[in-house]
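Here's the structure, in C-alpha cells; my notes come after.
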Amino acid sequence: VKGRTALIAGNWKMNLDHLQAVAFVQKLHWALKDVKHDFDSVDVTVFPPFTDLRSVQTLLDADKIPFGLGAQDLSVHDSGAYTGEVSGAFLKKLDVSSVIIGHSERREYHAEGDDVVAAKVQAALRNGLVPVICVGETSEDLEKFGASAVPVGQLEKALEGVPAGAEIVVAYEPVWAIGSGQAATPEQAQEVCQKLRGVVIDKLGEAVGATTRVLYGGSVKSSNIASFLREPDVDGALVGGASLKVDEFASIIRYQK
Ligand code: PEP
C-alpha cells in the first residue's frame, strides 16, 4: 500500500524454550496455511531467545516456512573474552536476519544507554544484520517533554555513524504502552512515527527514509492492529505478549482481512 511491505515482528522475550518454540512455529505456520495467507503482502519475523535460534532456524529451513528469524540482542563485540555475550557474527551464521536493539527492557534492566545502543547498531550492520532499533518515551518523559522528543533523540544517537543507504527498521515503542494493555492511539503513533522517519531521512537520505519500515509497538493485538497499519507512517508492529498466542498472532498477521 505504501510501497513498504508490512512487517509483523514477534518479540517473545524470555518465553518459550526450544521445544516449545518449535511447536509454536509449526502451529503458527499451520494456522496461516489454513487461510492460504498471502505472504507477499506481509513479512513475519519471530525473535526467539538465543537458545531457540538453532532449532527454529532448522525448522524454518526444513519446512520452507516463510518467517524471518531475528535475535533479541547482540554483543557490541564480534568475538573474544566477553563471557556470556553472543556476537552478530554467530547470529549471521545461524541465518538470523535481524536483531532487536535498544528495547526498553534492555535500557531499563541492563542499563543500556544510547552509546551502547549505537555500538550495537554498528555491530549488527557490520555483520549483515538488520537492526530493529527501539525507541520510546516513559510516562514521565511524556509528561515532561511530550511524546516525540525522547524517541527522536534516541534515534538520532542510534544512527550516528550509520552509513547512508544502510537497511534498518525503527520501532516506536512508548514504554508506558508496553505490556500495559494501554496502546497509544493510532494518531499518537502516526505523529511520532512520522517524526522518526524524518530523522531517518535527515541521517540516511530520502531514499532510505522512503523505504525504511517504522513499526509501532506497545499492547498491539488483533483488535487494534488494523487501526495502526492504516496510518501512513506506520509500517508494521513489534508485538510482545500477543506474539505468544498462536491464534492471536495469526490474526494480527492477517490484519488486512
Ligand atoms: C514489546 O515488548 O516489544 C512489546 C511491544 O510488548 P507488548 O506487545 O506485550 O506490549
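Numbers for the structure displayed
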quantity: Answer from PHE24, PHE67 - the residue that is modelled with pLDDT of 95 or more, touching a strand residue (DSSP E or B) at 6+ places or on another chain (Cβ under 6 Å) and aromatic (Phe, Trp, Tyr); calculated: PHE67
quantity: Residues satisfying the stated conditions in region 7-27, i.e. within 16 Å of the ligand (Cβ to nearest atom) and either under 14 Å from the mean Cα position of the chain (by Cα) or free of Cβ contacts under 8 Å to residues at least 60 places away in the same chain (or both); calculated: LEU7, ILE8, ALA9, GLY10, ASN11, TRP12, LYS13, MET14
quantity: Selection within region 86-112 - in contact with a Ser or Thr (Cβ under 7 Å, 6 or more places away or on another chain), of a type in the set (S, T, N, Q) and outside any loop (DSSP other than H, G, I, E, B); calculated: SER98
quantity: Yes/no for VAL117 being within 16 Å of the ligand (Cβ to nearest atom), at pLDDT 95 or above, surrounded by 15 or more Cβ atoms within 10 Å (Cβ to Cβ) and not small (Gly, Ala, Ser); calculated: yes
quantity: Residues satisfying the stated conditions in region 108-154, i.e. of a type in the set (Lys, Arg) and without any contact (Cβ under 8 Å) to a residue 24 or more places away in the chain; calculated: LYS144
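One line per residue, one yes/no per condition, for (1) surrounded by fewer than 19 Cβ atoms within 10 Å (Cβ to Cβ); (2) of a type in the set (Val, Ile, Thr):
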residue: PRO131; (1), (2): no, no
residue: VAL135; (1), (2): no, yes
residue: ALA149; (1), (2): yes, no
residue: GLN154; (1), (2): no, no
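The values are calculated or read from the model by the stated rules, or taken from the named source; none is laboratory data. Being a predicted model, the structure only gives us computed values, none of them experimental. Every residue, glycine among them, receives a Cβ derived from its backbone with ideal geometry; neighbour counts consider all protein chains shown.
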